[in-house]
Amino acid sequence: MESMLIASLPKPYTSLSFRVAAELSSLTTGSHVPAHFSRCRAWNIVENYYLTRFHHVGSIVHHGGSIDERSAFYHRLNKKFMVNAASGHPLESEPGAYNPKSPWKSLQDALNAFYRFSRPHTVIGTALSIISVSFLAVEKLSDISPLFFTGVLEAIVAALLMNIYIVGLNQLSDIEIDKVNKPYLPLASGEYSVTTGVLIVSSFAIMSFWLGWIVGSWPLFWALFVSFILGTAYSINLPMLRWKRFAFIAATCILAVRAVIVQIAFYLHVQTYVYRRPAVFSSPLIFATAFMSFFSVVIALFKDIPDIDGDQIYGIRSFTVRLGQKRVFWICISLLQMAYGVAVLVGAVSSCLWSRYITVLGHALLASILWNRAKNIDLKSKAAITSFYMFIWKLFYAEYLLIPLVR
């Protein structure tokens, strides 16, 4: 402790520093003074040093500053001394002092930034939805083969690359808005430069199209292409584009991708490309498309509820800005409850006994959980609203676990 205090003494006060050093040395070398007394004496020495320093500086401040200014000056110096000494850090950093990050820490930071940039809740939703609708094309147990898993994996990888392009482009277009709504995102926080963001989204779009092309599945390629067009038009700030400014068109874009393209295109990818069967729109596929249409509208509406501050500042006329948070919140809850009610009816008329029980009980349970949580939310808390939005995505994931069981 004493050696740290000596090292922290500023150079301009050399003679005084030597006297302090000498006195501290007498306490720590060749002495049998108790340790606690030595530490107290050391503190007294340094305190006297700083009092002397304050008087020296005060003679300068006295001629050019008021009493309040001198008092504030002394307070800052004293606070700096106490905080740094108590925390075990030098009072004044040595010139050129630098502690570089370890390679492992740098890698962790890079992965964490990319994790946030990729918007993981959308990545999980995309992967689960493709797996779920792919299983709707399975007609018998022998259909679950290496060929099936290869085809599904190709679709997932290509779709996730496109997903990251879409969410990344949205962040590039919303940097100033995200500084208000989502300051933790890499572009908004400054962890990523605009150049870095452009390189990431460009490379991921190219890789997505390249993979879709070499796979040779037309349903997969068209799913990627339409998602690219809608995702770009939704976000990019060009004339006639940036459709997210218009609430109805923005909701339609999300519905088209999440409810229609994901369900139909990836089902056809497995049905026609993997299994080489004719395109047949089964009842479970129609149910999945209809149900996810409700869910996609809810996601499109709900995502703007916690973002109302930034949207108002930058002129984004979302439904939340127009109607208010409370009203849009309960519209979303009502739409989901309607969807769960329809799902229960669909399950009740199923001819498959095990599917009937799972569908009815599963959707009734999810509806009950949703209602109980909605009643207890604090709509004045942005953190609570954001947490509920993530809960909506969890319900979205749960639905994709139930959809393959609808028969």
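Readers should treat all values here as calculations from the given coordinates under stated rules, not as data from a laboratory. The structure displayed is predicted, hence computed values, not measured ones. Here the Cβ is made from the backbone with ideal geometry for all residues, glycine too, and neighbour counts use every protein chain on show.
Over 22 Å apart at the Cα level, from the set LYS140/LYS394; LYS101/LYS179; LYS303/LYS326; LYS244/LYS303; LYS179/LYS375; LYS326/LYS382, are LYS140/LYS394; LYS101/LYS179; LYS179/LYS375.
When the chymotrypsin sites (Phe, Trp or Tyr not before Pro) in segment 249-341 are filtered for DSSP coil states and for at most 13 other beta-carbon atoms within 10 Å of their beta-carbon, the remaining sites are PHE281, TYR314.
Building the convex hull from the alpha-carbon atoms of segment 273-376 and averaging its projection over directions returns 9.5 nm². Per-residue extension of 0.36 nm, minus the Cα-Cα distance of VAL198 and SER145, leaves a gain of 15.2 nm for this segment. Between the residues ALA233, PHE148, TRP222, the greatest Cα displacement towards the positive end of the dipole of segment 113-280, with unit charges on the Cβ of Lys, Arg, Asp and Glu, is found for ALA233.
FRET efficiency for the pair ALA233 and VAL180, taken as 1/(1 + (r/R0)^6) with r the Cβ-Cβ distance and R0 = 25 Å, rounds to 0.60. With the simple model of a label 7 Å out from the Cα in the direction of the Cβ, ARG317 to PHE281 spans 3.3 nm. Phi angles of segment 335-341 translate, via the Karplus equation with coefficients 6.51, -1.76, 1.60 and θ = phi - 60°, into HN-Hα couplings of 5, 5, 5, 4, 4, 5, x Hz per residue; Gly and Pro are given as x. With q set to 0.15, 0.19 Å⁻¹, the log10 of I(q)/I(0) for segment 113-280, from the Debye formula over equal scatterers at the Cα positions, is -0.82, -1.19. In a DSSP loop and with at most 14 other Cβ atoms within 10 Å, the GluC sites (Glu not before Pro) in segment 121-184 are GLU139. Using θ = phi - 60° in the Karplus curve 6.51 cos²θ - 1.76 cosθ + 1.60, the 3J(HN,Hα) couplings for segment 201-212 round to 5, 5, 5, 6, 5, 5, 5, 5, 5, 4, 5, x Hz; x is entered for Gly and Pro. Applied to segment 268-282, the Karplus parametrisation 6.51 cos²θ - 1.76 cosθ + 1.60 on θ = phi - 60° returns per-residue 3J(HN,Hα) values of 5, 4, 6, 5, 9, 8, 6, 8, 6, 9, x, 6, 10, 8, 6 Hz, with x for Gly and Pro. Averaging over all projection directions, the Cα-based convex hull of segment 320-390 occupies 5.2 nm² in the image plane.
Distance from the Cα centroid of segment 324-385 to that of segment 177-223 is 32 Å (rounded to whole angstrom). Packing around the peptides 392-401, 352-361, taken as the average count of other Cβ atoms within 10 Å per residue, puts them in this order, highest first: 392-401, 352-361.
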